[in-house]
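Worksheet: the structure to be examined is printed underneath.
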Amino acid sequence: MKIEILLTGGSVFVPERVNAHFSTVVYLEHGHRRILIDPGNLPSIDELEKKFLEIGVSPEDITDVFFTHVHLDHIFNSIFFESATFYVHESYATKDYRSFGPILGKLYSRVISSWKRVVLLKGDETFMDGKMKVYHTPWHAREHLSFLLDTENEGKVLVTGDVVPNRLSYYDIIKGYKEGHVKEFLHTVGDVDLLVFPHDAPLKPEVKK
């Protein structure tokens with residue numbers, strides 16, 4: 001399995017006007033499969049299209065899309081990958097997305113209804129010949145997942161999702177400023193070669209000897 005970070009996530013913030021988040025987009029190749037983790041949100045569309053052209057992949061080539069969780073900044077661009085199978089934790093089905101509001105709720109419903117093939121996960125699965133391990137990490141959203149990847153080009157990679165949204169949050173955990181489930185989860189995973197955050201640049205952590 002090979003990994004490429006197509007887009008580093010972040011936010012567009014204008015006081016009292018705009019607060020638009022978009023997630024990091026992870027691209028994987030494993031055999032004939034072309035995989036995305038969190039295809040991102042509207043602000044990243046132009047850059048995402050540019051990256052697809054650079055790597056010579058079209059939206060129709062994407063075979064699988066995995067979601068860390070069902071928030072628009074992570075899922076909106078999934079509407080462009082009609083040929084894909086979508087993987088999401090089963091808890092997503094327990095939410096009433098239309099209750100989010102007359103506009104936002106309708107948008108969520110339209111994005112979710114565009115997924116023609118959905119595989120429900122429990123958060124203890126492995127995929128890609130054992131090179132992708134799925135963890136249920138429900139401390140940001142009840143359907144939240146994180147992914148541990150065994151890659152050829154970057155070694156052991158942890159895609160944290162929003163349970164560790166950025167470097168600052170990670171540093172707070174490892175310095176002991178934050179305790180709880182996320183710290184225990186990182187301890188369970190152990191040393192990795194690369195941490196991929198949803199709203200910050202990836203980080204190669206110092207490996208403890």
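Tabulated data for the structure shown
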item: Enumeration of residues in the range 86-105 that are over 28 Å from residue 52 (Cβ atoms) and either of a type in the set (S, T, N, Q) or part of a helix (DSSP H, G or I) (or both); result: 90, 91, 93, 94, 98, 99, 100, 105
item: Hits in the range 132-141 - residues which are touching a strand residue (DSSP E or B) at 6+ places or on another chain (Cβ under 6 Å) and in a loop (DSSP other than H, G, I, E, B); result: 137
item: Residue check, residue 172 in a strand (DSSP E or B) and among the charged types (D, E, K, R); result: no
item: Count - residues of the range 142-169 that are under 21 Å from residue 22 (Cβ atoms) and part of a loop (DSSP other than H, G, I, E, B); result: 6
item: Residue match in the range 23-36 (condition: loosely packed, with under 13 Cβ neighbours inside 10 Å, modelled with pLDDT of 95 or more and not in a strand (DSSP E or B)); result: yes
item: Criterion violated by residue 94 - all others in (1) more than 23 Å from residue 163 (Cβ to Cβ); (2) surrounded by fewer than 15 Cβ atoms within 10 Å (Cβ to Cβ) satisfied; result: (1)
item: Residue 116 vs. criteria modelled with pLDDT of 95 or more, within 16 Å of the chain's Cα centre (by Cα) and either exposed (fewer than 14 other Cβ atoms within 10 Å of the Cβ) or not aliphatic (A, V, I, L, M) (or both); result: no
item: Cβ pairs under 8 Å, 6+ apart, first in the range 193-204 and touching a residue at least 12 places away in the same chain (Cβ under 8 Å), second basic (Lys, Arg) and not in a loop (DSSP other than H, G, I, E, B); result: 193/156; 194/156; 197/167; 200/167; 201/167; 203/167
item: Selection within the range 27-41 - under 18 Å from residue 203 (Cα atoms) and in contact with an Asp or Glu (Cβ under 7 Å, 6 or more places away or on another chain); result: 27
item: Hits in the range 46-60 (condition: surrounded by fewer than 16 Cβ atoms within 10 Å (Cβ to Cβ) and in a helix (DSSP H, G or I)); result: 46, 47, 49, 50, 53, 54, 55, 60
item: Residue that is nearest to residue 193 (Cα to Cα) [pool: residues in the range 12-22 that are in contact with a strand residue (DSSP E or B) (Cβ under 7 Å, 6 or more places away or on another chain) and exposed (fewer than 15 other Cβ atoms within 10 Å of the Cβ)]; result: 12
item: Criterion violated by residue 129 - all others in (1) in contact with a strand residue (DSSP E or B) (Cβ under 8 Å, 6 or more places away or on another chain); (2) part of a loop (DSSP other than H, G, I, E, B); (3) without any contact (Cβ under 8 Å) to a residue 40 or more places away in the chain satisfied; result: (3)
item: The range 59-92, residues that are without any contact (Cβ under 8 Å) to a residue 60 or more places away in the chain, in contact with a helix residue (DSSP H, G or I) (Cβ under 7 Å, 6 or more places away or on another chain), among the polar types (S, T, N, Q) and more than 15 Å from residue 33 (Cβ to Cβ); result: 77, 78
item: Hey, residue 83 assigned to a helix (DSSP H, G or I) and over 17 Å from residue 159 (Cβ atoms) or not; result: no
item: The lone exception for residue 95 - which of (1) within 17 Å of the chain's Cα centre (by Cα); (2) touching a residue at least 24 places away in the same chain (Cβ under 8 Å) it fails; result: (1)
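The values are calculated or read from the model by the stated rules, or taken from the named source; none is laboratory data. Source: prediction; values computed, not measured. For neighbour counting, all protein chains shown are included, and Cβ atoms are generated from backbone atoms with ideal geometry for every residue, glycine included.
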